[in-house]
Each structure stands twice: as C-alpha cells, then as structure tokens.
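In what follows, a single structure is set out as structure tokens and then discussed.
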Amino acid sequence: MTLQRQLSTWIGRVALTCALGCGGSNSDATQDENPQGGDNGSQSNSGGSGSKPGGNNPGGNANGDGNANGDGNANGDGSSNGGATNGGGTAPGGDSDAGAPDNECGIRSGFAGDEYCILPPPPDKGFQVHIGPSDYANPEAKYILAPGKEATNDFAAVSTNTEKRFFYFRQYRMRPGAHHMIMSDTSGLGTGIEERGGRRIATSNNSIEDSPKGGIIAPENKGVGIPIEANAKLNVSLHSINVTDQPVLREIWVNFWYRDPAEVTEPAQQLFATGSTSFAIQPGEDTVLGPYNCTVENPGRMLWFYGHRHANNVRFSAWRVRGAQRDLFYEAYNWEEVLLLEYTSQITNPIADREKQIEGGWTGILDLQAGDKLEWECHVINNTDGVLRFTNNTYTGEMCIMDAEMVGTNCR
C-alpha cells in the first residue's frame, strides 16, 4: 500500500508502554529533508505474501514437502543485541488491559506497523536481522522520524550464524514510512558502516516481501544458495519518509533461512546498476533517462528484478537484448507500490500494457547468454519547482536503478 495509506489509519493512536528485547544499532550518514517541498501449477506474482512461510518449506519445493517454518515461541529467548536475532523471538509484556496484540511478536509499541513484526527462524534454520529500538517506551532518537521529514541512515549489524552457511529464502518486513532497505555484507572491508560497499545480500522496497514468494523454490533453483560467513559484519541502509502529522517508528525485520550446503550448486549474486548519476531535469521537463545498458558476462539466468525510482517517475522499463532481438522483461508505473517480478518455471507474470498502464513483464525462466545486453530506462516528468538530480530525496530527487539477483553470471 502507499506510504500515505499505510500511515493514515494509525494517526492519533495512543502510545502504550512495552519493552522489546531487541538491541539497536549505530547509525551514520543521516539525510534529513522535507519530502513535500503453493503447488506444481503456475503461481501469480503480485504483491507480498503472509508474515510467515505459511507452510512452505524454504528449502523445499512447490509440492510443500517438509516444513521449515519454525514459528518460534512468543516467549522465546532470542535476542537481537547488535542487530541480529537468532532464536524464538521476544514477547514484551505490554498492558494486560490493552487487548491482545495484533502481531505474532506480541508487541504493543503504540506506533504504526506492529503487525509487520515477525519472529526469527529457529536457530538451526536461520537468523533474523532486526533494526529498531531497544525499548518502545523510550525509543532511541535515531529510530523516530518527525512529521514531514525524510532520512537515509546506515545501521551496523552482525549475523548470528556461528559457522559459514548458505541461504536463499528471505522475508522482509518494514514499518510504514520505510521507502527501502539495502543490506550488505561488509566483512573484510573495514569497520562496518564506514564502508558502504560490500556484497549486497538483501534488498526490499515493500513493507511485506518474501523472496522467493511464499518460500517456494522452483525446481530449476534447487541448487541456488548465497554464502555468508560466520558472524558477518553487515551494513543496513534504511531510507524512510514521514508524510503524516505524527512521528513514525523506523524498524525492520529480515529473516534469512538456511539452505543445506550439500544442495547448493549455484551461487547467486545481486546486481545493482545506477545508470546516470549526473542528470539535471528542469522543472516541468518530460524526459527519458537512458536507455542504459550492461553486458552479460557468462551464461546464467535472472531470478528477480525491480526498478528503483522516485516520485516523479512515471515508467520504468527493462529489456534483454540478444543480437537484433529485444525482449521486454519488466515494465512498471507505480513508484510507491514497487513491482518486483520473479522469473521461474512456476510463476506467471502479468503481460505489460503501456496503453492500459498494466504492469508486468516476462514469464518463465529468463535465461542470459554471454554478450547479451540488459537495457533499462526511466520516463520522468518533473512536477516540482526545482531541478531533479540523483539524490535519495523521494519528491525532489530521482533515480533510475536496476536491482536484480542472478545465477551464474554478472552484468557490467
């Protein structure tokens, strides 16, 4: 749902006292702006899924064989000091007269979005990275965003796996007001948040997102896995915007579900390509950024894709170019409710229709060959009184960024 709709129903809610056993993380690089200046059949690829794997085996298949949900226990002993959680979750006491909490974590924060909280996987099944306050009754200032403000911060965290593991299925939950989060493994790069590079291992633009959707791993992806070393240093970049007249709480939960290393035969990696960072779109100007392109290095396939852009973007399109053949695999028009498409043998994506403004793209496995080009472009109409440049400002800046995850190859 849109940022405004996410938040509007919560305005005026009375804050209730509770305590959450989740430690906060250090932050840096704040930007503060005024934003207004399962079965074997085909699966639909639209919207996020439920708050838990829902009976799907994150390491299993579409037949639902096995179950690795591990819902945990609301009274469990898991903690998230240092930003990562590995255990049965936490259950703040809250006010016994306030009624039952509307979330599996048992929290009553008094802020919008308690229902997005999810428990971590059992310790032998995975771990959770949590960014948020240590005490809802007295949240640290870095987790509160004032009305009309916008901020992008880096938060440090550490994964709680004690040995090298592999993962593929991830669950993303973010409170209303979150525009996006990007998590990178910065191990070996230095001290953590001072290093903004690293290997991207998780990203989301939606309040609820499961990847792959519903925890269903398609047959061709049975060998896919992403490595993470023991107690890896992580950097979480969180971009938030508050379009309401009440403070919002900045908080996210990301679950990583392990894969059996004996089954991992295909490492996956994320692709992040910015296009131009030097454009200047004048007030009232109607223009197209791009097309930008990169060259596929080796044979492989794309697992998922989405186009990252801001409020003045009216279309994001991407193609696979192979010789004279140009295949549209992604087209989206709504910058707030970001379309993420998966490309597997078990998902049917909508067919894009520009005239009718129907978002969609490629259906089936999206194979890539060495020498293929990936092209993308953004149609932007500057409805502001200022010049649009490449910035994190949602309403007064723009971007045209390709985000994807691929197996067997990269694109440069």
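The values are calculated or read from the model by the stated rules, or taken from the named source; none is laboratory data. Note that this is a predicted model, so its numbers are computed, not measured. Note that each Cβ is placed from the backbone with ideal geometry, even for glycine, and that neighbours are counted across all protein chains shown.
Examine segment 114-121 for a residue that is modelled with pLDDT of 95 or more, in contact with a strand residue (DSSP E or B) (Cβ under 6 Å, 6 or more places away or on another chain) and either hydroxyl-bearing (Ser, Thr, Tyr) or in the same structural domain as ASN392 (by TED's automatic domain parsing) (or both), and state whether such a residue exists. Checking segment 114-121: at least one residue is modelled with pLDDT of 95 or more, in contact with a strand residue (DSSP E or B) (Cβ under 6 Å, 6 or more places away or on another chain) and either hydroxyl-bearing (Ser, Thr, Tyr) or in the same structural domain as ASN392 (by TED's automatic domain parsing) (or both).
Tally time: how many residues in segment 387-402 are assigned to a strand (DSSP E or B), touching a Ser or Thr at 6+ places or on another chain (Cβ under 6 Å) and not aliphatic (A, V, I, L, M)? Break it down stepwise before answering.
First pass over segment 387-402, keeping only residues assigned to a strand (DSSP E or B): 388-390, 397-398, 401-402.
Add one more test, that the residue is touching a Ser or Thr at 6+ places or on another chain (Cβ under 6 Å), and what stays is 390, 397, 401.
Now narrow it down to the ones that are not aliphatic (A, V, I, L, M): 390, 397.
Within segment 387-402, residues that are assigned to a strand (DSSP E or B), touching a Ser or Thr at 6+ places or on another chain (Cβ under 6 Å) and not aliphatic (A, V, I, L, M) number 2.
So in segment 184-205, with the set limited to residues that are surrounded by 21 or more Cβ atoms within 10 Å (Cβ to Cβ) and under 26 Å from ILE347 (Cα atoms), which one is modelled with the lowest pLDDT? The qualifying residue modelled with the lowest pLDDT is ASN205. Right, SER240: more than 16 Å from THR409 (Cα to Cα), within 22 Å of the chain's Cα centre (by Cα) and hydroxyl-bearing (Ser, Thr, Tyr) or not? In short, yes. Any idea which residue in segment 320-344 is farthest from the chain's Cα centre (by Cα), counting only those that are in a strand (DSSP E or B) and either closer than 13 Å to ALA404 by Cβ or not assigned by TED's automatic domain parsing to the domain that holds GLY361 (or both)? Step by step, filter segment 320-344, then rank; the result is ARG320. Among the listed residues GLU336, GLU359, identify the single one that is under 26 Å from THR277 (Cα atoms) and touching a helix residue (DSSP H, G or I) at 6+ places or on another chain (Cβ under 8 Å). Of GLU336, GLU359, the one residue that is under 26 Å from THR277 (Cα atoms) and touching a helix residue (DSSP H, G or I) at 6+ places or on another chain (Cβ under 8 Å) is GLU336. The residue of segment 162-185 that is nearest to GLU115 (Cα to Cα), among those that are within 18 Å of the chain's Cα centre (by Cα) and in a loop (DSSP other than H, G, I, E, B), is ARG175. Number of residues in segment 105-161 that are assigned to a loop (DSSP other than H, G, I, E, B), farther than 22 Å from PRO227 by Cα and not hydroxyl-bearing (Ser, Thr, Tyr): the value is 22. Pairing each residue of segment 346-367 that is outside the structural domain of ARG320 (by TED's automatic domain parsing) and surrounded by fewer than 16 Cβ atoms within 10 Å (Cβ to Cβ) with any residue that is in a loop (DSSP other than H, G, I, E, B) and among the small types (Gly, Ala, Ser), provided the two are 6+ apart or on different chains, yields no C-beta distance under 6 Å.
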